[in-house]
Amino acid sequence: MAITRESPVTVLSGVGRVRAEHYAKMGILTLGDLLLHYPRAYENRGDVCLLSEARTDAKSAVILTVATEARCVRLRSHKSFLKFRAYDDSGSCEIVFFNQDYLRTVFPVGATFRFFGRVEREKNKYTMSSPAYEAWAEFASLPPLHPVYRMTEGIKPAQIAKDVAAALELLLASEEDPLPSELLERRSLCTLAFAERNIHRPTDTAALAAARRRLVYDEFFCFALGAALTCKREKALGAPPCTNSDISPLTRSLPYELTGAQRRAIEDIARDMASPVPMARILVGDVGCGKTVCAEAAMLIAVQNGRQAALMVPTEILARQHYKELSPFFESLGISCALLIGATTAAQKKRIKDALVCPEESLRLQVVIGTHALLSDGVEFAAPGIVITDEQHRFGARQRALLSEKNTHAHLLVMSATPIPRSLALVLYGDLDISRIDEMPPGRQRVDTFAVDESYRERLNAFIRRLVGEGGQVYVVCPAIEEREESEDELTLAEIALDGTAIKSRPPLKAALTYAKELQEALPELSVAFLHGKMKSAEKDAIMKKFSENEIQVLVSTTVIEVGVNVPNACLMIVENADRFGLSQLHQLRGRVGRGERKSYCVLVAGGEGSRVSGTSLARLNVMRTTYDGYRIAEEDLALRGPGDFLASGEGGTIRQSGGLSFRLADAGEDVTLLTDATLDARELLERDPTLESTPALRAHVREMFTVEAGLIS
Ligand code: ADP
Ligand code: MG
């Protein structure tokens with residue numbers, strides 16, 4: 001049988017059952033999966049220095065010639081080490097390997113190697129223990145960048161590198177490039193073969209940049225193709241016209257007047273829903289502008305026309321909150337309403353599913369609110385009317401594809417609190433109509449914002465104490481749970497710009513867990529709790545409940561609270577390592593406070609302990625001090641950081657996924673043009689070839705990306 005990307009990893013020589021199982025744990029089953037397992041970073045072994053110049057706090061690359069024969073020293077308990085001396089123009093170094101006697105013949109006297117590792121120095125004596133080494137031939141220089149793969153139990157990075165190399169050899173010789181060659185030319189893209197080879201084993205930074213550029217382009221291109229094809233299918237399905245759009249029961253029940261912007265948005269929605277062409281609308285508006293009530297109106301319209309409504313949100317906390325807020329209103333009108341989340345018991349889930357497909361209209365469940373559990377198997381609607389997803393950037397195209405695959409003839413409304421810059425909206429949601437809520441409900445306060453560095457720690461703690469003393473509550477957001485796994489002398493992919501430059505090391509991250517402990521120690525009289533995305537939902541809910549009842553005063557968390565949480569008594573938002581967040585994300589976080597009577601503040605702490613914060617990152621944070629307009633912030637963000645934050649989801653934006661579609665590489669600053677180009681190219685291609693008949697490889701790829709079952713693209 002021919003070897004393809006779908007072939008299992010076991011076709012590689014040396015990969016047996018055991019290693020295949022380890023790979024499977026990493027989600028790698030096929031050769032194709034293996035090639036997509038990009039290095040997480042690259043060691044820069046190209047900056048060769050002399051022994052005397054080697055840094056002591058980081059790894060260095062040195063070129064040394066072996067001076068003495070390798071000697072093996074046996075210790076008790078079956079341990080041993082191998083030792084020899086090697087030199088360069090500045091000195092001589094003792095090199096030691098532990099328990100690797102077989103290396104004895106690798107280092108003959110007179111041979112030259114590039115060693116990479118930490119150079120220890122004591123007076124004028126240098127030592128390196130277990131450095132990486134490569135034979136150095138004077139005229140054929142070694143590649144400067146060395147791939148670093150994510151560590152996993154059972155597989156050594158070197159094995160991964162070897163298997164990847166073998167897979168590349170097997171596949172790339174026989175494969176055709178899925179992109180039409182005229183596109184490669186027009187956009188100056190390298191071939192896929194070159195890209196895949198160089199993303200794994202770059203010959204130099206320029207090659208890596210070219211590789212990355214091609215792969216990012218592919219991600220965008222396929223995304224755009226899939227989104228356009230999904231949209232076409234949705235339109236073809238049709239939706240029930242909902243012509244009865246009297247929302248006065250809703251407006252009467254509200255303790256406030258709708259703003260003009262809210263009224264206009266609801267009019268847009270009502271107009272769309274009255275038509276048999278399915279609505280595909282995105283409702284964009286800053287945090288706190290009042291999108292929920294617009295969703296409520298859309299749901300009411302669906303129900304008034306004998307149809308059902310579903311509201312999907314990205315987290316269970318948010319689902320519960322919406323349910324608590326909306327169900328009393330619906331129930332007061334005799335409209336049935338249920339909550340369906342991962343934590344719902346199996347028996348209850350079954351009852352809800354049955355009630356959703358109930359043929360008898362009077363017994364049918366009319367409104368369901370939940371997480372993406374709603375999209376899971378077995379959830380069907382007898383009379384679907386509208387599907388609403390909140391916080392769009394966490395759902396997106398793939399979910400829509402799933403919906404349309406279920407043949408759900410429904411109107412679609414997506415809501416986003418991330419004000420998406422116009423240029424990007426056209427690309428990402430070019431197939432959606434947009435309603436913007438650009439007006440805040442009256443009486444909103446401005447959240448005073450400060451950007452500080454580590455030297456303010458004491459004052460900050462005092463500020464927390466003061467505000468809590470006055471009865472207020474505090475959020476603290478940290479970007480990650482664990483200490484970062486990369487070490488400082490490695491470059492991550494995201495740090496390599498498309499032109500191969502801009503490679504920087506960053507300060508260590510404040511790990512949320514460690515931080516929570518430190519803070520509790522600093523403020524022993526306060527109740528500090530810690531919340532993160534990997535917690536069980538019952539645990540999270542319990543903590544959120546305590547926080548909303550002011551039993552917890554300081555809530556330290558990762559960005560799980562970013563989306564939609566409402567605790568009006570909270571009056572201080574502290575963001576640690578704020579320079580690691582996108583401005584839009586910071587704006588969202590800031591929107592968590594200033595929701596009640598209390599005067600509220602946002603403090604952005606830049607950098608980690610003992611690190612200097614760069615001028616540009618403070619300047620960037622300072623934008624937050626003076627700007628409160630989400631759109632302006634989004635534009636600024638796009639200009640400064642590129643579209644990565646708008647494509648990203650998950651904690652701290654480190655998981656590069658958009659609605660289940662993964663953007664593995666798309667992240668760096670310069671990607672905007674590439675994104676725009678790819679979108680234009682995709683549209684143009686579809687115009688010429690609406691079913692992608694002429695490019696079967698591409699068609700297969702898009703289909704795989706967008707749907708689990710075949711048939712989406714037909
Ligand atoms: P978001 O757009 O972030 O989802 P919400 O819908 O949660 O915002 O609304 C935020 C708060 O503003 C809620 O407490 C809501 O009751 C209130 N609100 C919404 N619209 C108005 C309005 N027109 N006037 C006064 N308060 C409003
Ligand atoms: Mg909301």
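Would you point out the residue of the stretch 365-383, among those that are open to solvent by 20 Å² or more (accessible area, probe 1.4 Å) and within 17 Å of ILE301 (Cβ to Cβ), that is nearest to ligand 2 (Cβ to nearest atom)? Once the filter is applied, the top-ranked residue is GLN366. Considering only the stretch 563-583, I want to know if a residue exists there that is assigned to a loop (DSSP other than H, G, I, E, B), within 16 Å of ligand 2 (Cβ to nearest atom) and among the polar types (S, T, N, Q). Yes; the residues of the stretch 563-583 include at least one that is assigned to a loop (DSSP other than H, G, I, E, B), within 16 Å of ligand 2 (Cβ to nearest atom) and among the polar types (S, T, N, Q).
Residue count for the stretch 108-128, restricted to those that are over 13 Å from SER92 (Cα atoms) and open to solvent by 70 Å² or more (accessible area, probe 1.4 Å): 2. Residues that are within 16 Å of ligand 1 (Cβ to nearest atom), among the hydroxyl-bearing types (Ser, Thr, Tyr) and at pLDDT below 85 occur at least once in the stretch 411-422. Residues in the stretch 300-326 that are more than 16 Å from ligand 2 (Cβ to nearest atom) and in a helix (DSSP H, G or I): LEU300, ILE301, ALA302, VAL303, GLN304. Can you find, within the stretch 566-590, the residue that is surrounded by the most Cβ atoms within 10 Å (Cβ to Cβ) among those that are touching a Ser or Thr at 6+ places or on another chain (Cβ under 9 Å) and among the polar types (S, T, N, Q)? Checking each candidate, the answer is SER584.
Annotation: of all residues in the stretch 37-88 being of a type in the set (Ser, Thr, Tyr) and open to solvent by 60 Å² or more (accessible area, probe 1.4 Å), the one that is nearest to the chain's Cα centre (by Cα) is THR56. Looking only at residues in the stretch 270-291 that are in contact (Cβ under 8 Å) with a residue 40 or more places away in the chain and either out of contact with any strand residue (DSSP E or B) (no Cβ under 6 Å at 6 or more places or on another chain) or acidic (Asp, Glu) (or both), the one that is farthest from ligand 1 (Cβ to nearest atom) is VAL277.
Taken as a whole, the stretch 89-104 holds no residue that is in contact (Cβ under 8 Å) with a residue 40 or more places away in the chain, out of contact with any strand residue (DSSP E or B) (no Cβ under 7 Å at 6 or more places or on another chain), assigned to a loop (DSSP other than H, G, I, E, B) and open to solvent by 60 Å² or more (accessible area, probe 1.4 Å). Listed by first and then second residue, the pairs with beta-carbon distance under 7 Å, at least 6 apart or on different chains, first residue in the stretch 440-469 and away from ligand 2 (no atom under 16 Å from the Cβ), second part of a helix (DSSP H, G or I) and open to solvent by 60 Å² or more (accessible area, probe 1.4 Å), are THR449/ARG625; PHE450/ARG625; ALA451/ARG625.
Quick check on GLU69: is it of a type outside the set (S, T, N, Q) and modelled with pLDDT under 90? Against the criterion (of a type outside the set (S, T, N, Q) and modelled with pLDDT under 90), GLU69 does not qualify.
Every condition in (1) surrounded by fewer than 21 Cβ atoms within 10 Å (Cβ to Cβ); (2) closer than 30 Å to VAL702 by Cβ; (3) of a type in the set (S, T, N, Q) is met by SER248 except one, and the failing one is (2).
Listed residues ALA265, ALA261, ALA297, ALA280; which is within 16 Å of ligand 2 (Cβ to nearest atom) and touching an Asp or Glu at 6+ places or on another chain (Cβ under 7 Å)? Just a single option satisfies the conditions, and that option is ALA261. If the condition is being more than 17 Å from ASP204 (Cβ to Cβ) and open to solvent by 40 Å² or more (accessible area, probe 1.4 Å), then the stretch 138-165 contributes GLU138, ARG150, MET151, THR152, GLU153, GLY154, LYS156, PRO157, ALA158, GLN159, LYS162, ALA165.
The values are calculated or read from the model by the stated rules, or taken from the named source; none is laboratory data. These numbers come from a predicted model, not from an experiment. Backbone-built Cβ (ideal geometry, glycine too); neighbour counts: all protein chains shown. Surface accessibility is based on the protein's heavy atoms, side chains included, excluding ligands, DNA and RNA. Shrake-Rupley method; radii C 1.70, N 1.55, O 1.52, S 1.80 Å.
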